[in-house]
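Colleague: Got a structure for you, questions after.
The values are calculated or read from the model by the stated rules, or taken from the named source; none is laboratory data. Owing to the predicted nature of the structure, the values given are computational and were not obtained by experimental measurement. When we count neighbours, we look across all protein chains shown, and the Cβ atoms used for this are built from the backbone with ideal geometry, even at glycine.
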């Protein structure tokens, strides 16, 4: 079979906010043939035109003069040049295989229409699987299988397709006249399906070709999903019944069905009012609308067939145009990759969360299909964000199906890893997974290691051993170590020795781990791939325009001993006594307690709150990502005197913003910061060296500028997320080869 060309038609009305995401999702479609995208807009009054202007060279665009979905769809059909026309809603996201699976069904020339499953707004549960409708337009959603046996002319029940995931042969659509424009909304695709079956074509209902329907509000449905405008629903139901049921039922029976439907609508309106979903005025408007809708539906339904409005030859000529091939992002060697990360933005902004997000998005931009499995605190849901499928799942208690002598993992650690494993198994039912990657922290990949279903990459970050170095109260707690610490250390070692590949973010972390855990990594499995950060649009700010009278020094990180916050807080008084024009911004979780059962902020406040410079130290706690990015942009100097960093992502964030940094010569920091080039490296716990390094930068604006520029250049050349994604190709290839 020759691969058919496809026209994807999106009909939109005041949905600019979600239309952009739908258009972006089409970039990741994997289809062997050519397809074009057509957007029929209007009459929109929001920012839809602005959105479409950015896509004008990639998609074909037309305007619809009325808020009539069938009219809009007919315009799209008239424009379409593909062999197959596929419809998707402007608030829906197709999975990558959507077109490939839909079009495969057209190998049978008797098939006139094909549709697939539809997820609801959660992306986890189904809104729509299989459905049949009768000649009254009543739907039966209880079916567990497709109903091809109903595809014959004048069948009383027919297979039904949901409009947001439906496709049709173009010649069949033109043969039956497209959509009946009486249906401005509701029963439009049902009417079309009946006419296609009556014309002698099969309707195929697939158990895949998935689309995620996000339920954006419309002129019919409000934010709470309660239907406010029921006029077209009542009118079109009356019209439909009169057009399709009178060959099978008497007029009295048809009128009885109409009356029952209106009674059900009244009951639903009253319920919505009682639940606060509709207002009193909404209910009163329904009472006015229902009689007018009944009258108009009867009038139009009893008209002769020539009164129906279908596609005409003139309309086809008016909207005709050339096929515009849509450029998808799929690459021939692209992989299906799953990243596991319990923490993920925007709920969490730590190093592993940021690393996972930036890696995922860069891998997706390179044409890979990328899933991130992370935790949810409310419901299981799946979203498509910046080219990445984000699976937010609830942690549940999972069976331990392994020998405790192999991995005696603490219960809550196992439950997260095993819950993530179950979600990846679910993803596997949609597409074959090539490789899974998980961080060493909290042994997130342990269930995958024991399951052995897919190649596993373990990424090295700060391990528990190095965390314990700055938390001696835990290291010397025998009960805690016996019940948790020793088990986790053993689990980490198991992952590092037996994963199919190891991602090391620095050469230093490899040496440090080998010394601490008393083993050698398998060199054939280990690759050093430095972390990278996504580029951001930097805001140019002048340092000498008179608007800034002080030097701003920024610290970012959890306020704990490992991050050296106590060293910085010890240095601050000396610096502020000698420099009244400097300010310190301290950003990060300040809820962690010290050995005195106080936070670092509380301890510092208690000791120095009477000093005249005290208000020049600002503890901001956790902040949003936008505010954090702004903090890097507005600061003059970045400082983090950490006692250990496996890599030092915070320094890289400052370098991305073009700022000089002061760090410590520990872990992988020296592979990011070059002493006296883009900042200073001091010895850990050395308050004197910290004060000296900061004072040099405080005193010399030109030095700050030159070091900041050097750091930004280093970032661009070595540490972008694009470079990280490219270098990860060899890492995943290694994992796949080791798994064979």
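Colleague: Would it be correct to say that residue 146 is in contact with a strand residue (DSSP E or B) (Cβ under 7 Å, 6 or more places away or on another chain), touching a residue at least 24 places away in the same chain (Cβ under 8 Å), at negative phi and part of a loop (DSSP other than H, G, I, E, B)?
Modeller: yes
Colleague: Somewhere in the stretch 627-639, is a residue in contact with a strand residue (DSSP E or B) (Cβ under 6 Å, 6 or more places away or on another chain), farther than 14 Å from residue 588 by Cβ and assigned to a strand (DSSP E or B)?
Modeller: Yes: the stretch 627-639 contains one or more residues that are in contact with a strand residue (DSSP E or B) (Cβ under 6 Å, 6 or more places away or on another chain), farther than 14 Å from residue 588 by Cβ and assigned to a strand (DSSP E or B).
This table checks each residue for (1) more than 18 Å from residue 10 (Cβ to Cβ); (2) touching a strand residue (DSSP E or B) at 6+ places or on another chain (Cβ under 7 Å); (3) in a loop (DSSP other than H, G, I, E, B); (4) in the same structural domain as residue 163 (by TED's automatic domain parsing).
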residue	(1), (2), (3), (4)
90	no, yes, yes, yes
96	no, yes, yes, yes
105	yes, yes, no, yes
112	yes, yes, no, yes
124	yes, yes, yes, yes
130	yes, yes, yes, yes
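Colleague: Between 60, 73, which is closer than 14 Å to residue 316 by Cα, assigned by TED's automatic domain parsing to the domain that holds residue 179 and within 29 Å of the chain's Cα centre (by Cα)? Show your work before the answer.
Modeller: Working: 60 fails: closer than 14 Å to residue 316 by Cα.
Just a single option satisfies the conditions, and that option is 73.
Colleague: Here's something else I'd like to know. When residues of the stretch 640-687 are filtered for being on the phi > 0 side of the Ramachandran plot and in a loop (DSSP other than H, G, I, E, B), how many remain?
Modeller: First, the residues of the stretch 640-687 that are on the phi > 0 side of the Ramachandran plot: 648, 658, 667, 676, 679, 685.
Cutting the leftovers down to in a loop (DSSP other than H, G, I, E, B) gives us 648, 658, 667, 676, 685.
Adding up the residues that qualify gives 5.
Colleague: Hey, residue 664 hits all of (1) crowded, with 18+ Cβ neighbours inside 10 Å; (2) within 25 Å of residue 511 (Cα to Cα); (3) touching a helix residue (DSSP H, G or I) at 6+ places or on another chain (Cβ under 8 Å) but one; which does it fall short on?
Modeller: Condition (3) is where residue 664 drops out.
Colleague: For the subset of the stretch 207-221 comprising residues that are modelled with pLDDT of 95 or more and in contact with a helix residue (DSSP H, G or I) (Cβ under 6 Å, 6 or more places away or on another chain), which member is surrounded by the fewest Cβ atoms within 10 Å (Cβ to Cβ)?
Modeller: 208
Colleague: In the list 370, 424, which residue meets the criterion of being at negative phi, in contact (Cβ under 8 Å) with a residue 40 or more places away in the chain and either assigned by TED's automatic domain parsing to the domain that holds residue 490 or in contact with a strand residue (DSSP E or B) (Cβ under 8 Å, 6 or more places away or on another chain) (or both)?
Modeller: Values: 370 fails: in contact (Cβ under 8 Å) with a residue 40 or more places away in the chain.
Step by step, each of 370, 424 is checked, and only 424 is at negative phi, in contact (Cβ under 8 Å) with a residue 40 or more places away in the chain and either assigned by TED's automatic domain parsing to the domain that holds residue 490 or in contact with a strand residue (DSSP E or B) (Cβ under 8 Å, 6 or more places away or on another chain) (or both).
Yes or no, residue by residue, for (1) buried (at least 23 other Cβ atoms within 10 Å of the Cβ); (2) at pLDDT below 95; (3) more than 30 Å from residue 369 (Cβ to Cβ):
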site	(1), (2), (3)
74	yes, no, yes
78	yes, no, yes
81	no, no, no
111	no, no, no
144	no, yes, no
154	no, no, yes
176	no, no, yes
179	yes, no, yes
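Colleague: Is at least one residue of the stretch 568-582 outside the structural domain of residue 469 (by TED's automatic domain parsing), within 22 Å of residue 714 (Cβ to Cβ) and in a strand (DSSP E or B)?
Modeller: First, pick out the residues of the stretch 568-582 that are outside the structural domain of residue 469 (by TED's automatic domain parsing): 568-582.
Next cut, within 22 Å of residue 714 (Cβ to Cβ) only: none.
No, the stretch 568-582 contains no residue that is outside the structural domain of residue 469 (by TED's automatic domain parsing), within 22 Å of residue 714 (Cβ to Cβ) and in a strand (DSSP E or B).
Colleague: Inspect all residues belonging to the stretch 246-253 and state whether any of them is touching a residue at least 24 places away in the same chain (Cβ under 8 Å), surrounded by 13 or more Cβ atoms within 10 Å (Cβ to Cβ), within 19 Å of residue 186 (Cβ to Cβ) and touching a helix residue (DSSP H, G or I) at 6+ places or on another chain (Cβ under 9 Å).
Modeller: Within the stretch 246-253 (the criterion being touching a residue at least 24 places away in the same chain (Cβ under 8 Å), surrounded by 13 or more Cβ atoms within 10 Å (Cβ to Cβ), within 19 Å of residue 186 (Cβ to Cβ) and touching a helix residue (DSSP H, G or I) at 6+ places or on another chain (Cβ under 9 Å)), the answer is no, since none of the residues qualifies.
Colleague: Of all residues in the stretch 629-674, which are more than 21 Å from residue 566 (Cα to Cα) and either in the same structural domain as residue 510 (by TED's automatic domain parsing) or without any contact (Cβ under 8 Å) to a residue 24 or more places away in the chain (or both)?
Modeller: Listed by number, the list holds a single entry, 630.
Colleague: Provide a single number: the residues in the stretch 467-484 that are within 34 Å of the chain's Cα centre (by Cα) and more than 18 Å from residue 595 (Cα to Cα).
Modeller: Qualifying residue count for the region: 1.
Colleague: Can you find, within the stretch 405-416, the residue that is surrounded by the most Cβ atoms within 10 Å (Cβ to Cβ) among those that are in a helix (DSSP H, G or I) and in contact (Cβ under 8 Å) with a residue 60 or more places away in the chain?
Modeller: Here the residue is 416.
Colleague: Here is a further query. Quick one: which residue in 315, 327, 399 is part of a loop (DSSP other than H, G, I, E, B) and either within 30 Å of residue 188 (Cα to Cα) or free of Cβ contacts under 8 Å to residues at least 24 places away in the same chain (or both)?
Modeller: 399 is the lone residue from the list that is part of a loop (DSSP other than H, G, I, E, B) and either within 30 Å of residue 188 (Cα to Cα) or free of Cβ contacts under 8 Å to residues at least 24 places away in the same chain (or both).
Colleague: Scan 468, 450 and give me the residue that is free of Cβ contacts under 8 Å to residues at least 60 places away in the same chain, assigned to a helix (DSSP H, G or I) and under 30 Å from residue 125 (Cβ atoms).
Modeller: Exactly one of 468, 450 is free of Cβ contacts under 8 Å to residues at least 60 places away in the same chain, assigned to a helix (DSSP H, G or I) and under 30 Å from residue 125 (Cβ atoms), namely 450.
Colleague: Considering only the stretch 511-526, I want to know if a residue exists there that is closer than 29 Å to residue 491 by Cβ, modelled with pLDDT under 90, under 35 Å from the mean Cα position of the chain (by Cα) and outside any strand (DSSP E or B).
Modeller: Within the stretch 511-526, not a single residue is closer than 29 Å to residue 491 by Cβ, modelled with pLDDT under 90, under 35 Å from the mean Cα position of the chain (by Cα) and outside any strand (DSSP E or B).
Colleague: Under 7 Å between Cβ atoms, at least 6 apart or on separate chains: pull out the pairs that start in the stretch 37-65 with a residue that is at positive phi and in contact (Cβ under 8 Å) with a residue 24 or more places away in the chain and end on any residue that is in a loop (DSSP other than H, G, I, E, B) and surrounded by 14 or more Cβ atoms within 10 Å (Cβ to Cβ).
Modeller: Correct list of pairs: 42/13; 42/64.
Colleague: Follow-up question, since we're still on this one. Residue 198: surrounded by fewer than 23 Cβ atoms within 10 Å (Cβ to Cβ) and under 30 Å from residue 431 (Cβ atoms), yes or no?
Modeller: no
Colleague: Could I ask something else about it? Suppose we filter the stretch 307-347 for residues that are surrounded by 17 or more Cβ atoms within 10 Å (Cβ to Cβ) and closer than 30 Å to residue 533 by Cα; how many remain?
Modeller: 15
Colleague: Next question, about the same structure. Considering only the stretch 536-549, I want to know if a residue exists there that is surrounded by 21 or more Cβ atoms within 10 Å (Cβ to Cβ), touching a helix residue (DSSP H, G or I) at 6+ places or on another chain (Cβ under 9 Å) and either modelled with pLDDT of 90 or more or under 30 Å from residue 729 (Cβ atoms) (or both). Give the derivation first.
Modeller: First pass over the stretch 536-549, keeping only residues surrounded by 21 or more Cβ atoms within 10 Å (Cβ to Cβ): none.
No - not one qualifying residue is present in the stretch 536-549.
Colleague: Follow-up. Would you check which residues across the stretch 5-27 are surrounded by fewer than 23 Cβ atoms within 10 Å (Cβ to Cβ) and touching a helix residue (DSSP H, G or I) at 6+ places or on another chain (Cβ under 6 Å) and list them?
Modeller: Matches in the stretch 5-27: 16, 20.
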